[in-house]
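Before any comments, here is the structure.
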């Protein structure tokens, strides 16, 4: 080549890039080779082409080369200017040059054909590479390969589209994809399948997806997506499957989704936070087969137009809670294709329609947790393909129709928690495929039919909580497949059959709360897969068999409340060592299903009353129950077993309390998983083993035994302990200082161990439990020499009769006793001298006594005269033991005022007394546990209420004033205002607003006329206003205030029947100096929560319980206790309500007059809330904020229900 030619040489190097810098895989050598192999006007003779601009030939060659490069340059410019490579996505400028663009694409495609490279595929690759930066997993899986392109990447599918290879599917499920859904999805023009399932994507669904017009499958399930469903998804005309379930989407379902849904087959929006009504537009989706809208907050009725969904195979609406109405008959008129109908856990009502029998292909009918009533229609027997029939937790009644025996494919039959009667039908034995049978919480009677034991595929039988009698069938041993047998809470009698010990696959056996007697079969030692054994609350006798220790998987054992005797087997700690094997087996082959009565199982599974278990399990929440029990049998329920390391494991329990067991404390050396040990009320002797501190214990109750010796120092190492009860034993020695390390303790009791001695440790929790933890421990004392004593005892009242002595006083008394003994001989030496002087001293004493009596009489007369005051008459005459000077000054003690109340500020104690008529009985308007309330009229004519507090031992004036200052600052429209107070030595007066209409208790119970004036709307408003006041005390005060005596007589009503709460803070005033374990938390009988009898600790959830009782009073018109409860339907108001509600008769709880005037929906919600507030477990109760929110919702419902028929009544809150 000539030098001049070299200066003008054109060399093509590198590759053709897109606008992200990604190349199309076209190398310069390939480009040159293509030119060498392609014949045409502009063929090249060499790789390095030179041309001279000085010759005509050179000009021709240059033009040919320019013509071949121009399409590539034009294409690059197009990519820069347009976000899409295909014609449909062009910007307006590109569309105006459509023919030229097509020509350019044609030229570039021709140039790339020899290398088998697609322009669109290269573009698709550049888009996918931009996604890769969002996921570390994608970076490892998607590696840029210039030879093969993206078609070999994991999850990427390619296909032929419009004459070239393109990316047609992307599946990046379960790859830890985080951040938002990638942008520019619509640029993948050939995409027909997209899945981001089971990742951690957040943000909203991009509307850009609606431009993927070829998309047939969109799967975004199981992510963290939020926001509304974009209406642009309705543009996906070819979409066949839409799954956006298990996210956090909200808003309503946009009707635009269904404008072009003729191809839609699957529609799944379940497990989100969607609201509004069920979408009526689904009827336009003629091809629809699967609809899942479950686990949202949708409401309203099923659209009748859904009858047009003739191809529907699965319809799932479960767990919306607010869906209501009846099952539309039109839906069942064309249901031959329907295979699954799931309407569980909503508010559907009415009888079950017989037309359900028309759905001949139905395999799953799940209607649990609704309000269906009446009988089971016989037509259900027509469903020959039915496998699952779930009718539990409804109000169904009557006997089970024999026609169900014709459902030969049935595998699960759940009719639990209804009101079915009659005998358990023998025809169950005809259902050969039956695996799960749950009949719990009904009214079945008679004996257990032996035909049930012929079902060879049975895994789960629950006949608990019925009225069955007779014996436990030994024939159950023939059912080799059985995993769980539950017959608890019946009237079964006789011995436990030995044959049950040969059911080798059995994992759970619950025979508790019957009348079984005899001994525990030794054959139970054969049950190597047994995880829990419940035999408590029977009349079993004999010893715990040694063979039971062979149950290598037994984790949870309850033998409490029997008459077992003898020693606990020595090798008891071997129980459960092989449980992991069974857990793994259940995880690989699960045998338990959701929705099969787990809540009732958990209620009896927990080891008695245990605060920790009650805080973990909410047996009123069916969803939580469904989660916990399958988790339990798989070993997934793990508790922290080491506070330091945070390690967790499955913990076991032994409930052996309330028997006649004797001998030594059981060996616990190898019980490394024991979390709950209950040995109370037995006859155990000997010391507590040191190994007890090595266990991951949460609950240790060894009370009421004969244990002796010292408390081991190692017990302080059991740092997880929440409950520790060692009361009523013969323990001796000092309390170990290590007990102060138990920072999680909430229950502690060492009462009635009279040989315990020494100082109570001041460190840690021990001094926060009050003196009731040390009743009868006469040799324990408070170490007042310890610098921490004053700090620890600031909140403790030493006026209690149970308060231990101060160590300084105790040791001083011991020293004095020793000195007296040592000087006994000296005293004998002078005894004769004393006797000689006795007569003289006697005379002297007689004269002195006469003199003292005369002097005392004169002082008393003088005091009486000085104490008289013309303003208040002879008040206090003959009663005061104070000096005249003190008395006179105290009668003029000023009133401390907290409000702008000039008249009150100028008053004194004596004037307040005068205003009450010297505490005249005629002015009494209230008499409660904290004192008597008097009506008083001040000098300016203002009427107030004055409470004279009942004294409860010595009180600190400074603490009382501080407490008054706290209460005086509290201002809320639903709390009675404290106007002021006055202290007169031991007399304490509180001045309040006066409420002319008295208390709610007066209006409910004084007369039928007054009660009749309290209509439902007014009662509802009173409940709401009271709840707002109580919620303010719990959640908005600077210092939380627990009422402790919430009751109807503490709810006052003004002239407009506005409710205000009174007596809040009174328990604190009357127990100044106490801890959180108040000595007066008991409150008023009928309102006291059950946990107070055990913990003696006042809590906000205790107030919630008492408020729930008030709610039941409002709805029933009955007092919480009284002779009107005869025991046939509960011993008190709460028991009666619970029995009637669980038996499907909630209307019987309500006052009949209220049922006539109220919106039934609002009333039922009110009753349901009251039942939640009065749950036995504190953790199951709502907070007062939740109560207020629910009551406001009920008021809204009631308001809309009565708006059209409102009466002008001064008592109607809607007209006030």
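Where a ≥ b ≥ c are the square roots of the eigenvalues of the C-alpha gyration tensor, would you call the stretch 622-703 rounded, which needs a/c under 1.5, or, failing that, prolate if a/b is larger than b/c, or oblate?
Here the stretch 622-703 falls in the oblate category.
For residue 174 and residue 495, what is the calculated FRET efficiency with R₀ set at 56 Å and r taken between the beta-carbons, to the nearest 0.05?
That gives a FRET efficiency of 0.55.
In a solvent-free Debye calculation with one equal scatterer on each Cα, what is log10 I(q)/I(0) for the stretch 523-780 at q = 0.12, 0.14, 0.15, 0.17 Å⁻¹, listed in the order of the q values?
Each listed q corresponds, in turn, to -0.73, -0.98, -1.11, -1.38.
Using the beta-carbon distance between residue 1193 and residue 1006 and R0 = 30 Å, what value does 1/(1 + (r/R0)^6) give for FRET efficiency, to the nearest 0.05?
0.45
I need the shape label for the stretch 660-725. Rule: rounded when a/c is under 1.5, else prolate if a/b > b/c, else oblate, with a, b, c from the alpha carbon gyration tensor.
Judged from the Cα gyration tensor, the stretch 660-725 comes out prolate (a/c at least 1.5, a/b above b/c).
Starting with the fewest neighbours, write out 580, 499, 922 ranked by other beta-carbon atoms found within 10 Å of each beta-carbon.
Taking fewest neighbouring Cβ atoms as first place, the list is 922, 580, 499.
Going 7 Å from the Cα of residue 336 in the Cα-to-Cβ direction, what parts of the stretch 271-300 have a backbone nitrogen less than 16 Å from that spot?
none
Between residue 360 and residue 589, with labels modelled 7 Å along Cα→Cβ, what's the label distance in nm to one decimal, could you check?
Simple spin-label model gives 3.7 nm for this pair.
Only residues of the stretch 227-247 count here: report those whose backbone N is under 11 Å from the spot 7 Å along Cα→Cβ of residue 287, or say none.
Flagged as within label range: 237-241.
Using only the Cα atoms of the stretch 185-332, build the gyration tensor, take square roots of its eigenvalues as a ≥ b ≥ c, and label the shape rounded, prolate or oblate: rounded if a/c is under 1.5, else prolate if a/b is larger than b/c, else oblate.
oblate
Could you give the nm distance between label points at residue 140 and residue 248, where each point is 7 Å from its Cα heading toward the beta carbon?
Result: 2.7 nm between the two label points.
Roughly speaking, what is the stretch gain from residue 754 to residue 162, that is 0.36 nm per residue apart minus the C-alpha to C-alpha distance, in nm to one decimal?
Contour length minus the Cα-Cα distance gives 203.7 nm.
Would you calculate the volume per residue, in Å³, of the smallest convex hull containing every Cα atom of the stretch 621-757?
Per-residue hull volume (Cα only) is 123 Å³.
How much length, in nm to one decimal, is gained on full extension between residue 1055 and residue 231, taken as 0.36 nm per residue of separation minus their Cα-Cα distance?
Gain in length upon complete extension: 291.2 nm.
Over what distance in Å are the Cα centres of the stretch 283-333 and the stretch 446-464 separated?
35
Can you tell me the length gained on complete extension of the stretch residue 690 to residue 297, counting 0.36 nm per residue apart and subtracting the Cα distance?
Going from the current span to full extension adds 136.1 nm.
In nm, to one decimal, how far is the modelled label at residue 937 from the one at residue 277, with both set 7 Å along Cα→Cβ?
Reported label-point gap for residue 937 and residue 277 is 6.1 nm.
Could the peptides 680-691, 1163-1174 be put in order, highest first, of the mean number of other beta-carbon atoms found within 10 Å of their residues?
1163-1174, 680-691
If you wrap the stretch 181-232's Cα atoms in a convex hull and average its projection over all directions, what's the area in nm²?
The Cα convex hull of the stretch 181-232, projected and averaged over all directions, gives 3.3 nm².
Using R₀ = 25 Å, calculate the FRET efficiency as 1/(1 + (r/R₀)^6) where r is the Cβ-Cβ separation of residue 660 and residue 710; round to 0.05.
According to the calculation, E is roughly 0.45.
Read the figures in this text as sums done on the coordinates, not as results from a lab. What you see is a predicted model, and the numbers here were worked out from it, not measured in a lab. Because the Cβ atoms are built from the backbone with ideal geometry, glycine has one as well, and the counts that use them run over all protein chains shown.
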